[in-house]
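Beneath this line is the structure, given in structure tokens, with notes to follow.
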Amino acid sequence: MTGTPDPTPRVSRRARTAEMHGYVSDLAAGRGRGIVVTGEPGIGKSELMRVARDEAVRLGCQVFWCDCEELSEAFPLLPLLDAFAPDGALSRYAEAHAQIAEWLRTAAIPGNRGDGVGAAITSMLSLISEVCEAGPALLVVDDLHWADPATVVTLSRLFRSTHRRPLLVAGVARPVPRRDDLAALRRAAEAQVPLSGLSDDEVLDIVTRAVGGRPGERLRRLAAEAGGNPLYLRELMDAVRRTGTVIADGGLVEMTCANTPDSLHSAIADRLGFLSAPVLEVLRVAALLGVAFPVSSLASVSGRGIGDLTPVLDEAIATGVLCEHGAELAFRHPLIRAALYEEMPESIRAAWHLDAARALVRQGASTERVARQVLPAIDSGTVTADRSLVEWLGGAVDTLAGQTPKATVKLLRWALADMPPTSTRYELLTCRLADALFRSGEPAEAARTAYGAVTFVRRPELVVDLHRTLMGCRAIEGRWDEALRAVEAALRMPGLDESHRARLLALSARTHRGLGRVDRAEEAARQALAVATSVGDRWATGWALGVMTVVHGMRGEEAAALPLFERALAVAEGDPSLADLRLMLLLNQAAALGDLDRYDEAIESAERAREQADASGSMVRLAQATCVLAELLFDVGRWDDVLERLDPDGGTPAEALVQCCNYGVVATIRLRRGDPAAIQSLLDAHRHLKRLGDDRTVGSLTLARSLEREQAGAPAEALAVLVDGLARCEEELEQTTDLLADAVRLAMIVGDIGRAEGLALRAEAVAGASEVFHRRAVGLHCRGLVDDDPAVLVEAADQYGKASRPLPRAQALEAAGVGFAESGDVPAARRAFTGAYEVYSALGASWDLARIQARFRTYGIRRGPRFQHRRSQQGWDSLTPAEKKVVGLVAEGLSNPQIAAQLFLSRRTVQTHVSHVLSKLELSSRSEIVREAGRTGS
């Protein structure tokens, strides 16, 4: 440690203590926050939080403390479950605590894609919220670097909510290992508290107090070995005192040369050297169990009774190796445990871990405790599975798969490696391996495993499970036809009972829906519902109802779908095996509400579904939720939010349909904003479209492809893209609705009046007697375009406004403006032009801005509305002619390649002027320059 520079600025412990006291004082006054305390092992993080704990207790706050452990990283929420264990004052939360534990235990019931963990997280957050209602609370999560992902997600959500409740959340972590989720958590914290080494004066003070006098040169050199780390320093000073080889002379204390530790490692060895052989043997067993451990587990693993262990443990406590840790014992600090653990040869350590696992199985220990012993043995690569542990895994795999799918994959592969295919457990464990692979984000490997298993698995319930996994994998890959053939083959299997048949029919309905076959999907869903109802199968009932809600939505029958949502949600409520269905229902409910123009409710529902999917670790549902939310935000004009939230290249497993939707939305925004990256988005979308098949229409992508052709000066090709898309999605009303107005507009541009009239009639049929604003608007929009009736187009724009859909509103106003201008009604044309220009400006749609400017100049309409704020007008007036010219270049350059080339050729000059414009107009981005330029009509 000596000679290594410390990049963290040294702040005295007195200052850090005062800082922590300030946070606790704020907590007592009702102000919460989330903080992260970081530093190397032994630097004093836990000690600092103990100071905060004592201050919180003094001020009457509740205190909750939990420790994460290296061997517990694979098991969700265990630290927080320990922190809020229902004893003493928390006994009134016993039922809520039990419910969380139940969610975790049942997370992997077949049919549940892991959302039991998400439900547990949500319940834990509710429990903590109730705790805070009883008074200010301090929650300390120590050794956060070993926290499981679900605990990190929970803390992240707590960090975002501390401003709403009296809760101080403190995560205590080492700088390594580096994890993306912990890095994100640190960024979310309101305060970072990095601890560095003690100053030379603080080291000197500790040594002086430890030896009872001013330290001499040799003692100072030894203290320097600790590198300012107080834990290491104390360990060295303890070793010096134990040797008794210090001499005091006139206030100066110095070491003799004999029998003194010359490094930290020898100091730890010195401490262990004082222990008797029986104590060391027991402590090596304890080291297998982690830093903290129950005495009962130590008794089981060591094969000793509690009476035999008592004198041994008393000696370990007396020498400072062990200490009490609530209801458990713990090593005084992790360095001693690590020294005992690492001194064992790896092969012996691995074998000992398996012995410990077997002992814990016999004891009836929890699944998590047993798995924490098996996993490090597997990592060694030196041990094979035996019958007793395979039998344990067969009973534990459902629980493990829902809580920690990656660890479950490792356990199952280990168990299957030497298992003969004829074994009675081979079918079950292979099916569970496919499911765990899918849950852990490896759909290709999951599909290979499941496909292989289909050839030999004969138990009907396992066949159903395999096809559910295969359907999920093939949905991601866009191979719905294969999924359908496999399900139909399974339905012909002999020996199926009605429950199995109902579940396979539900899978068939979902597959037809994935293929866009609306009528076939409904037929299969109704069959599944009838059979499931007759046998009382909730899983099949819920999924059949779920598919029927989707079918109604695809047909534009959202009003009929809403009661089915409530019915399906009631079936799914409280059933862990239907948690994934509940997520899907929330997503489809959000889409249905959006189709009804109820955007506030729709966005709230999509946000809730996205949050639950994120918390559950269901990457597929998270991708779907993000896609639905992005489409809703696009509709209401929140394009910057769409680009911020949507990352099609982020690597999250997603169905081909979801990827096409995502790239389509992003490409549309980029095309309208003149962003050259739009072309790459279209290329990426095409790659996923090929996976879906040539007969599929994806609305957002179809619009983007048409827009690209129009911008390339090929309106006939742009129209062909839309006409082809409309022909392929006749059964899907909402996709039809979104394509019609652009198709009519392009048909009029290319002079295909007959096609325009036919499309307008189709749009009017969609509108019909509908009470949905945007559908009524589409009928008016298309009729106004064909009849060249600006009054009808203005009425369409009003309906779009009521629907909260700004882009088609601007398009209708633009068309109305042209109609008014052609008829000589310049004031009306100006009003329409102004309304369209304001919407395009707010959207940052620079391509539309440039087009509409050029169009209206031909009618002598060159100026839009003046600045509506005096500050902005004064700022505009203060610009120099050169700066005003740059504003025009910026506005047009985003959509006009030739102007863009000019802009880049004089980049330095333009950048200078842009900076002046931003300053004078009190703006922050170029897109705001475009909007301000639009308001002035420049």
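The values are calculated or read from the model by the stated rules, or taken from the named source; none is laboratory data. Since the model is a prediction, treat every value here as computed from it, not as a measurement. All Cβ positions, even for glycine, are placed from backbone atoms using ideal geometry, and neighbour counts span all protein chains on display.
Restrict the check to the stretch 183-193 and report whether at least one residue is touching a Ser or Thr at 6+ places or on another chain (Cβ under 6 Å) and touching a residue at least 24 places away in the same chain (Cβ under 8 Å).
Among the residues of the stretch 183-193, at least one is touching a Ser or Thr at 6+ places or on another chain (Cβ under 6 Å) and touching a residue at least 24 places away in the same chain (Cβ under 8 Å), which makes the answer yes.
With the condition kept exactly as written, say whether any residue in the stretch 487-506 is under 30 Å from LEU375 (Cα atoms), not in a helix (DSSP H, G or I) and not hydrophobic (A, V, I, L, M, F, W, C).
no
Could you tell me whether the stretch 369-380 includes any residue that is crowded, with 19+ Cβ neighbours inside 10 Å, under 22 Å from THR399 (Cβ atoms) and basic (Lys, Arg)?
Yes, the stretch 369-380 contains at least one residue that is crowded, with 19+ Cβ neighbours inside 10 Å, under 22 Å from THR399 (Cβ atoms) and basic (Lys, Arg).
How many residues are under 31 Å from the mean Cα position of the chain (by Cα) and either of a type in the set (Lys, Arg) or not in a helix (DSSP H, G or I) (or both) when one looks only at the stretch 405-455?
Selection size over the stretch 405-455: 9.
Every residue in the stretch 466-481 that is under 14 Å from ARG503 (Cα atoms) and over 26 Å from the mean Cα position of the chain (by Cα), please.
Hits for the stretch 466-481 are LEU466, HIS467.
From PRO110, PRO166, PRO149, grab the single residue that is buried (at least 17 other Cβ atoms within 10 Å of the Cβ), out of contact with any Phe, Trp or Tyr (no Cβ under 7 Å at 6 or more places or on another chain) and modelled with pLDDT of 90 or more.
PRO166
Looking for whichever is crowded, with 24+ Cβ neighbours inside 10 Å and over 24 Å from TRP539 (Cβ atoms) here; the options are LEU433, LEU470, LEU411, LEU437. Which one fits? Can you show your working first?
Working: LEU433 fails: over 24 Å from TRP539 (Cβ atoms); LEU470 fails: over 24 Å from TRP539 (Cβ atoms); LEU437 fails: over 24 Å from TRP539 (Cβ atoms).
Only one candidate passes the filter, namely LEU411.
Kindly check whether there is at least one residue in the stretch 571-584 that is farther than 30 Å from LYS406 by Cβ and outside any loop (DSSP other than H, G, I, E, B).
Yes, the stretch 571-584 contains a residue that is farther than 30 Å from LYS406 by Cβ and outside any loop (DSSP other than H, G, I, E, B).
For the stretch 806-882, please list each of the helices (runs of 4 or more DSSP H) lying entirely inside it that holds at least 2 residues being within 29 Å of VAL778 (Cβ to Cβ) and at pLDDT 90 or above.
So the answer is 806-822, 826-843, 846-857.
Do you know which of the residues in the stretch 170-229 that are β-branched (Val, Ile, Thr) and in contact with a strand residue (DSSP E or B) (Cβ under 9 Å, 6 or more places away or on another chain) is nearest to VAL141 (Cα to Cα)? Break it down stepwise before answering.
At the first step, the residues of the stretch 170-229 found to be β-branched (Val, Ile, Thr) are 172, 176, 193, 203, 206-208, 211.
Pick out the ones that are also in contact with a strand residue (DSSP E or B) (Cβ under 9 Å, 6 or more places away or on another chain) and you get 172, 193, 207-208, 211.
Details: VAL172: 6, VAL193: 14, VAL207: 30, THR208: 33, VAL211: 34 Å.
Step by step, filter the stretch 170-229, then rank; the result is VAL172.
A quick yes/no check of all residues on (1) closer than 22 Å to LEU505 by Cα; (2) of a type in the set (D, E, K, R); (3) touching a residue at least 12 places away in the same chain (Cβ under 8 Å):
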residue	(1), (2), (3)
ALA385	no, no, yes
GLU391	no, yes, yes
THR404	no, no, yes
LYS410	no, yes, yes
ALA415	no, no, yes
ALA453	yes, no, yes
LEU470	yes, no, yes
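Quick check on the stretch 178-194: of everything there that is of a type in the set (A, V, I, L, M, F, W, C) and in a helix (DSSP H, G or I), which residue is farthest from LEU155 (Cα to Cα)? Show your work before the answer.
Of the stretch 178-194, the ones of a type in the set (A, V, I, L, M, F, W, C) are 182-185, 188-189, 191, 193.
Okay, now just the ones that are also in a helix (DSSP H, G or I), so 182-185, 188.
Values: LEU182: 10, ALA183: 13, ALA184: 11, LEU185: 8, ALA188: 10 Å.
Filtering the stretch 178-194 for residues that are of a type in the set (A, V, I, L, M, F, W, C) and in a helix (DSSP H, G or I), the one farthest from LEU155 (Cα to Cα) comes out as ALA183.
Name, by its number, the condition in (1) in contact (Cβ under 8 Å) with a residue 24 or more places away in the chain; (2) surrounded by 18 or more Cβ atoms within 10 Å (Cβ to Cβ); (3) of a type in the set (D, E, K, R) that does not hold for ARG776.
(1)
Would you pick out the residues in the stretch 290-321 that are farther than 13 Å from ASP67 by Cβ and within 39 Å of the chain's Cα centre (by Cα)? First the steps, then the outcome.
At the first step, the residues of the stretch 290-321 found to be farther than 13 Å from ASP67 by Cβ are 294-321.
PRO294, VAL295, SER296, SER297, LEU298, VAL301 - these are the residues of the stretch 290-321 that are farther than 13 Å from ASP67 by Cβ and within 39 Å of the chain's Cα centre (by Cα).
Mind checking whether some residue in the stretch 383-400 is outside any loop (DSSP other than H, G, I, E, B), modelled with pLDDT of 85 or more, among the polar types (S, T, N, Q) and surrounded by fewer than 21 Cβ atoms within 10 Å (Cβ to Cβ)?
Looking for residues that are outside any loop (DSSP other than H, G, I, E, B), modelled with pLDDT of 85 or more, among the polar types (S, T, N, Q) and surrounded by fewer than 21 Cβ atoms within 10 Å (Cβ to Cβ), one finds at least one in the stretch 383-400, hence yes.
Restricting attention to the stretch 480-532, report how many residues are among the aliphatic types (A, V, I, L, M) and surrounded by fewer than 17 Cβ atoms within 10 Å (Cβ to Cβ).
Result for the stretch 480-532: 4.
Can you tell me how many residues within the stretch 195-251 are over 30 Å from ALA173 (Cβ atoms), of a type in the set (Asp, Glu) and part of a helix (DSSP H, G or I)?
Residues flagged as over 30 Å from ALA173 (Cβ atoms), of a type in the set (Asp, Glu) and part of a helix (DSSP H, G or I) within the stretch 195-251 amount to 1.
Report, ordered by the first and then the second residue, all pairs with beta carbons closer than 8 Å, sequence separation of six or more or different chains, a first member in the stretch 702-721 that is farther than 19 Å from ILE852 by Cα, and a second member that is outside any helix (DSSP H, G or I).
ALA716/VAL750; LEU719/VAL750; LEU719/ASP752
Okay, residues lined up against (1) surrounded by 20 or more Cβ atoms within 10 Å (Cβ to Cβ); (2) at pLDDT below 95; (3) among the hydroxyl-bearing types (Ser, Thr, Tyr):
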residue: ARG31; (1), (2), (3): no, yes, no
residue: GLU40; (1), (2), (3): yes, yes, no
residue: GLY44; (1), (2), (3): yes, yes, no
residue: ARG50; (1), (2), (3): no, yes, no
residue: ALA56; (1), (2), (3): yes, no, no
residue: CYS68; (1), (2), (3): yes, yes, no
residue: PRO76; (1), (2), (3): yes, yes, no
residue: PRO79; (1), (2), (3): yes, yes, no
residue: ASP82; (1), (2), (3): no, yes, no
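Identify all residues within the stretch 331-382 that are within 19 Å of GLU69 (Cβ to Cβ) and either assigned by TED's automatic domain parsing to the domain that holds SER46 or not in a helix (DSSP H, G or I) (or both); write none if there are none.
Correct list: PHE331, ARG332, HIS333, MET344, ALA365, SER366.
Please tell me if ALA350 is surrounded by fewer than 16 Cβ atoms within 10 Å (Cβ to Cβ), at negative phi and either touching a Cys at 6+ places or on another chain (Cβ under 8 Å) or among the hydrophobic types (A, V, I, L, M, F, W, C) (or both).
Answer is no for this residue.
Conditions (1) polar (S, T, N, Q); (2) at pLDDT 85 or above; (3) farther than 21 Å from ARG728 by Cβ; (4) in a helix (DSSP H, G or I), marked per residue:
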site: ILE669; (1), (2), (3), (4): no, yes, yes, yes
site: PRO676; (1), (2), (3), (4): no, yes, yes, no
site: LEU682; (1), (2), (3), (4): no, yes, no, yes
site: ARG687; (1), (2), (3), (4): no, no, no, yes
site: LYS690; (1), (2), (3), (4): no, no, no, yes
site: ARG696; (1), (2), (3), (4): no, no, no, no
site: LEU701; (1), (2), (3), (4): no, yes, no, yes
site: SER706; (1), (2), (3), (4): yes, yes, no, yes
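Just checking, does the stretch 387-398 include any residue being under 28 Å from the mean Cα position of the chain (by Cα) and more than 18 Å from THR449 (Cβ to Cβ)? Even if it seems obvious, please write down each step before you answer.
Kept after step one, since they are under 28 Å from the mean Cα position of the chain (by Cα), are these residues of the stretch 387-398: 396-398.
Of the ones still in play, those that are also more than 18 Å from THR449 (Cβ to Cβ) are 396.
Yes, that holds for at least one residue.
All but one of (1) free of Cβ contacts under 8 Å to residues at least 24 places away in the same chain; (2) in a helix (DSSP H, G or I); (3) touching a Leu at 6+ places or on another chain (Cβ under 8 Å) hold for CYS323; which doesn't?
(2)
Of (1) in contact (Cβ under 8 Å) with a residue 24 or more places away in the chain; (2) closer than 28 Å to GLY699 by Cβ, LEU564 satisfies all except one. Which?
Failed condition: (1).
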